[in-house]
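Participant: One structure, pasted below without further comment.
The values are calculated or read from the model by the stated rules, or taken from the named source; none is laboratory data. None of these values were measured; they are calculated from a predicted model.
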Amino acid sequence: MYALKSVESFALGRHTTVITDNSHVLHIKDWIPMNNRQRGMMAYIMQFNLTILFIKGSRNLLADGLSRLYQDKCKKLNSLKHLVRTTVVGSHN
């Protein structure tokens, strides 16, 4: 849902392929929403022309690589925390 919102302007009116390692997403068209929030979410998703492609997590090399980049970046930032001093700017009433 959040990923669709981030690419909404590009994806609306075009065929879009969603690649996921979450097998439950494959059955989204069969899902029955139980409340208004879920109905709104389904209405939003259904406005897109989507093909959902499932790739098992261990074979999803792109997602695995991106998550590793994020983990590596977090490790580097954590290792540099002792070098960073925080300054609060603004009024303090």
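Participant: If a residue has to be part of a helix (DSSP H, G or I) and hydroxyl-bearing (Ser, Thr, Tyr) to count, how many in segment 1-51 make the cut?
Facilitator: The number of residues fulfilling the criteria is 5.
Participant: Within segment 31-49, identify whether any single residue is at pLDDT 80 or above and β-branched (Val, Ile, Thr), and answer yes or no.
Facilitator: Yes, that holds for at least one residue.
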